[in-house]
1. Return the pair list, or none, for Cβ contacts closer than 8 Å from residues in segment C:179-191 that are more than 7 Å from chain A (Cβ to nearest Cβ) and in contact (Cβ under 8 Å) with a residue 60 or more places away in the chain to residues that are outside any helix (DSSP H, G or I) and open to solvent by less than 50 Å² (accessible area, probe 1.4 Å), at least 6 apart or on different chains.
2. Residue by residue through segment A:182-194, note down the ones that are open to solvent by 20 Å² or more (accessible area, probe 1.4 Å), assigned to a helix (DSSP H, G or I) and either in contact with a helix residue (DSSP H, G or I) (Cβ under 6 Å, 6 or more places away or on another chain) or closer than 20 Å to B:R129 by Cα (or both).
3. Can you pull out the residues in segment C:350-388 that are within 11 Å of chain A (Cβ to nearest Cβ), within 14 Å of C:L413 (Cβ to Cβ) and of a type in the set (V, I, T)?
4. List, please: which pairs have Cβ atoms under 9 Å, are six or more places apart or on different chains, and start with a residue in segment C:195-223 that is under 16 Å from C:V77 (Cα atoms) and end with one that is of a type in the set (A, V, I, L, M) and not in a helix (DSSP H, G or I)?
5. Do you know which residues across segment B:81-100 are aliphatic (A, V, I, L, M), facing chain A (nearest Cβ under 9 Å), open to solvent by less than 20 Å² (accessible area, probe 1.4 Å) and over 18 Å from B:V155 (Cα atoms)?
6. Going through A:T63, A:T114, A:T97 one at a time, which residue ends up being open to solvent by less than 60 Å² (accessible area, probe 1.4 Å), more than 13 Å from chain C (Cβ to nearest Cβ) and either farther than 21 Å from A:P244 by Cα or polar (S, T, N, Q) (or both)?
7. I'd like to check something: does segment B:101-111 contain any residue that is in contact with a helix residue (DSSP H, G or I) (Cβ under 7 Å, 6 or more places away or on another chain), more than 12 Å from every other protein chain (Cβ to nearest Cβ), open to solvent by less than 20 Å² (accessible area, probe 1.4 Å) and among the hydrophobic types (A, V, I, L, M, F, W, C)?
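The values are calculated or read from the model by the stated rules, or taken from the named source; none is laboratory data. Bear in mind the structure is a predicted one, so any value in this text is a computation, not a measurement. Using ideal geometry, Cβ is built from the backbone for each residue, glycine included, and neighbour counts are taken over all protein chains shown. Accessible surface is based on the protein model in full, side chains and every heavy atom, while ligands, DNA and RNA are left aside. Shrake-Rupley method; radii C 1.70, N 1.55, O 1.52, S 1.80 Å.
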Amino acid sequence: MLIDLLNALALIGNFVVVPGIAYGSQLALGALGVTMVYAVLRFSNFAHGETMSFGAMVTILVTWALQAHGFGLGPLPTALLALPVGMIVTIGLCLGTDRLIYRYYREKKAVPVTYLIVSVGVLFFLSGLIRFIIGPKDQVFADGERFIMKARAFKEMTGLDQGLAIKTSQGITVITAVVIVALLFWFLNRTRTGKSMRAYSDNEDLALLSGINPERVVMITWIITGALAAIAGTLYGLDKGYKPFTYLGLVLPIFASAIVGGVGNPLGAIAGGFVIAFSELLVTFAYKRVVGYLTPGDWVPDGLVQLLSTDYKLAVSFFILVIVLLIKPTGIFSGKTL
Amino acid sequence: MTYLAGEGMCGGYGGVDILHQCSIGVDKGEVAVVVGPNGAGKSTAMKAVFGMLELREGQVTMDGQDISHLKPEQRVQLGMGFVPQSANVFTSMTVQENLEMGAFIRRDDISETMSGVYELFPVLREKRRQLAGELSGGQRQQVAVGRALMTQPKVLMLDEPTAGVSPMVMDELFDRIIEIARTGIAILMVEQNARQALSIADRGYVLVQGRNRYTDTGTALLANIEVRKAFLGG
Amino acid sequence: MNWSLKNVLLFAGMGVLLILVGTMQSWNVALAILNMCLISAVMALGVNIQWGYAGLFNAGVMGFTALGGLAAIVISVAPVPAAWDAGGARAILGLLAGLATIAGGIWLWKKLRVSKTARIWLTALLAVSGYGLMRLILDPAVDAIEAVEPALTGFLGGFGLPIMFSWIVGGLFAAIVAWAIGKVALGLRSDYLAIATLGISEIIIYFLKNEDWLTRGVKNVNGLPRPVPYEIDLQGALWLHDLAAWVGIPVVEASSLIVKLNYAALFLVVLVAIFWLSERALKSPWGRMMRAIRDNEIAAGAMGKNVTGRHLQVFVLGSAVIGIAGAMLATLDGQFTPASYQPLRFTFLVWVMVIVGGSGNNLGSILGGFVIWFFWIEAEPIGLALMNFVTSGMALDSPLRLHLLENAAHTRLMTMGLVLLLVLRFSPRGLIPEVKR
C-alpha cells in the first residue's frame, strides 16, 4: 500500500514536478525580462522571445567553437562556458536596438501600442537574422553528462517500480534560475542603482525630481533584460533542444506568466512562471498509472485519464491568462512597478 | 536682491498664457506663501519657477544668477527642492528608501541628513521600514517633504502640502515648515488654506488670473480688509 | 477615397512591377503573385477596419484566416457517410454539450447572487463537469470517426456545397469567434488584447491541427473543389487551342493562365465589394464615431458613446473580413494545411501591410497588401541574386558562400522587419496616409 503511494509520487515527480520546476524556472526568467521592460519602458515587448532565441544562438555558436577546440566542462555542458559571451552579445543587441529604435519613440513620448508595433518590427528582423545566421533547423549543442540521476539508479536506490530521472539541464536550469533571481533581487532592493530603477518604475516624474537619470535607468534595464534573455533562451535550448521557431511560441506562456503574476512585478513573474508551468503539466498529464497505483487491486483505467491532450499545452496558459484577466486583471501580485 | 525670484513671468500651455507678468520670490530663512482662488495660476507659477513650464517672458534668478534656461533636474543640482501636490512619494518603496532616493544626487554620507529628517518627523523613524503607499495622508506628506530635504536644498518649494490632510495634521505640518525655515532654508509654497498659511508667512502673494493682485507680509495681508473679504471669507 | 495623382502613380508602379515579373520571370508567377496580392489586400482591409478605424491591435489574424480555411473544408468537401454513421450524431451531441457548458457557465457567472469566491468555484465546478461530460460523449465518436479509412478520410467531411459559399461562412466563423474573444478581451488594455488574440489564434491552429475528425489535422485536406474550371478540362477545349496559337504560347500555359485569371476576377470582385463597403462605413456617421472613439476614448466615453460596444462591432466586422480572405486563400490553394499557418506570415506580415500602406486608409491597406506581398515573394529571388553577387568573389566551395546562399531566403524576414521599422520611423502614416476629415 505504502509502496503504491510512493510509486504514484515518483511517477508524478518524474513527469510533473521535476520538469515543472525546470520549465517554470525557464518561464520565470523569460517573464522577468518582459516584466523589467514593462516596468521601466512601459510596453509589452513582443520581440522578447526572439531576443531569447538570439542569446541562445550566440551561445550555441560559441559552444561549437569551444567544442571544436577541445574546451569543455567535463560533466557539465560546454554551453555554460559560452553563456557569458551570449549574454554580452545579447546585451549589446538590446542596447543597440534601444539606441537605434526605441529611444526615438521614448523622446517622442509614443503611446504603448506604438512601441508594441515597433517591437513587432524588431521581432521580424531578429527572427530573420537568426534564421539567416544559424538556419531554421534543430541544433544540438548539449554535451557532458545527460543525467544527474538516471531512472534506473533511482529504482535501484529506492526499490520502487517507478523511476525518477533528473536531467543535468534541469538541474542547471534550476540552480541558475535561483542564483540569477537572488542576484536580481539583491540588486533591486539593496543597491543604489537598483533602487533608482524601482523608483523610476514607481513614479517617473518624482524620479526626475530626485535627479535620477532616466536614460541610465533604461540602459541598465536593457542590460538586465538582455542577460536574462540569453540565460533563459540558452537554458530552454539545453533542456528542450534549440529550434528558432519555438521561441516565438514561447512568447505566449511568458506573457501569461508575467501577467498572471502581475506584470511589472518581478516576484509576480516568478510566481506566474511556476503557475503556468505546473498548470500546463498537471492538466496535460496522463493520470492513468497514478490512478492504477492509488486504487486497490490491479485495476487500471482504460483511458489515459488526461484532462487535455498534450497538444493543447498552450491553451492552458491561455485559459489561465484569460481567467486572471477576468477575475483580477492586475495579477496575483498586483504588479505595475518593480 | 531676493534669493530666489521669478520676475515678470509670462507663459502657459499650448500657446495660451496662464501667467501674466507674475512675480514671486523668497529669501533664505523665509516662508513665502502664494494664495488665490482656484485657477489663479498658483501651481503654474510654482512650476514656472521650477522650470517645468517654458517661460515666454520674464526670468527666474537664484542667488543673482539667471537660471531660466535650466531643466528641473539641473535646478535640483543647484539646490532647489520640489514637493509636488500629488504622487509625491514612491508608494512601492519604504520610507527609508524614499529618503535615500531623495538624496540620489548626493555622493557623500547622507546618514546625518536622514537623522535630521527623522528628528523633524519622528513618526517616519518608526515607520521607516514600511511602504510609503501604506501610510496615512499626513505621514505621506511628511515623507514627501523629507524626501525633498534629503538633497539639503537651499530652497524648498511645496505645492499645497496640506491638501487632503486633517486640520490637526495641517497645524503640525505648518509647525515643521517653520522649523525648516529656521534652519535657513527658503520656503516657497502654494496653499489652499490661505488663512493659516498666511499666518506663518513672511511674504504673501495673492494671485488672481495669473497676475499679482496683492503682495505684502503675511500679517499685513491677513489684516487687509479687501483681501479678507475677497479671499479669506470675511 | 482620394485618387490623387500620387495614389494613381503608386498603384501604377505596382502594376509595372507585376508586369516586369511577367516579362522577366513568367506570367504564371506574376498572376500567382497577383492573386495572393488580392487576398492579402482583403486581409489588410480587415485589419485596417480594426486598427485604422478603431485602434484595436488584433494579433490573431492567423487564427481568423485559418477559420476561413476551416469553412472551405466544411462547406465544400463531400460528406463521408461512413464517418457520419460511425459517430457523426454523437460528435454533434458532444459539441452541443460543450456549448451548453459554456452558455451555462456564463449564465451562472452573471446571474448567481452569491459571494465572489462561491461564484468562482461554482462556475469552475460546472465548467469541469460539463467538460467531462463533453469528453465522455465526444471521445468515442472521435475515435470512431478517425478510424474510418484514416489514410483517405478519417473525418466527417463537409456539406459538399459549392466552395464559394465558404467565403461567406468563413466570415461567419471568424465573426462568431471574434465576438466571443471581443466579449472577453475588449475591455482590457491594448496590449492585453494583443496578447489574448495572439494566444487564441495559436489555440485555433492547435485545434485545427489536432481535431482530425473535423479537419483531418496534419494529414491535410487536399483537392478542395474549385469555383473555376480545371486546367485539364480547358486543355480539351478547342477555343483554348485557337487562343493559345493566336497568342503564341503553349496550351498548357494558356490553360493555367486562364485559371489564374478566373481566380483573379473572383477575388477582385470581393476586394472591390469589401473596399466599397468599408469606405461607405468609414464615411458614415458610424465611421466618424469610430474614429472619434479611437482618437479620444475617454472623451467619447464621457459623451455617452458605448466604447466597448462599438469596439466589439468593429472587431467582429474586421475579423469577418479576415475570415473571408482565409476562405479565399484555401480556395486558391485547393487544400487546407493547418501546419502551414505561422504567426509571422499570417499575422505580423498583414500588420506590416497595413502600417506600410497607411493605417486608417483603405486604399493604403490595399496598396500595402500588394506591395508587401510582392516583396515577400520577390525578396527570395532578389535576396538570392544579392547573395550570389556578394559571394561571387569567393571560392565555389567556400563554406561561407554556401551558408549565405542556403540561408538567403531568410533575408525576407529581415527585410520586412526593416521596412516596418523604417516606415514607422520616417513615414509613420504610411504610403497613403489617412485622410483627415
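1. C:I181/C:G60; C:L186/C:L56
2. A:F185, A:W186, A:F187, A:N189, A:R190, A:R192, A:T193 - these are the residues of segment A:182-194 that are open to solvent by 20 Å² or more (accessible area, probe 1.4 Å), assigned to a helix (DSSP H, G or I) and either in contact with a helix residue (DSSP H, G or I) (Cβ under 6 Å, 6 or more places away or on another chain) or closer than 20 Å to B:R129 by Cα (or both).
3. Correct list: C:V352 only.
4. C:W213/C:L156; C:L214/C:L156; C:T215/C:V221; C:K219/C:A151; C:V221/C:V77; C:G223/C:V77
5. Within segment B:81-100, B:V89, B:M93 qualify.
6. Step by step, each of A:T63, A:T114, A:T97 is checked, and only A:T63 is open to solvent by less than 60 Å² (accessible area, probe 1.4 Å), more than 13 Å from chain C (Cβ to nearest Cβ) and either farther than 21 Å from A:P244 by Cα or polar (S, T, N, Q) (or both).
7. There is no residue in segment B:101-111 that is in contact with a helix residue (DSSP H, G or I) (Cβ under 7 Å, 6 or more places away or on another chain), more than 12 Å from every other protein chain (Cβ to nearest Cβ), open to solvent by less than 20 Å² (accessible area, probe 1.4 Å) and among the hydrophobic types (A, V, I, L, M, F, W, C).
Table: residues versus (1) at pLDDT below 90; (2) farther than 24 Å from C:L172 by Cα.
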| residue | (1), (2) |
| --- | --- |
| C:T331 | no, no |
| C:F336 | no, no |
| C:G358 | no, yes |
| C:F374 | no, yes |
| C:I382 | yes, yes |
| C:N388 | yes, yes |
| C:D397 | yes, yes |
| C:L400 | yes, yes |
| C:L404 | yes, yes |
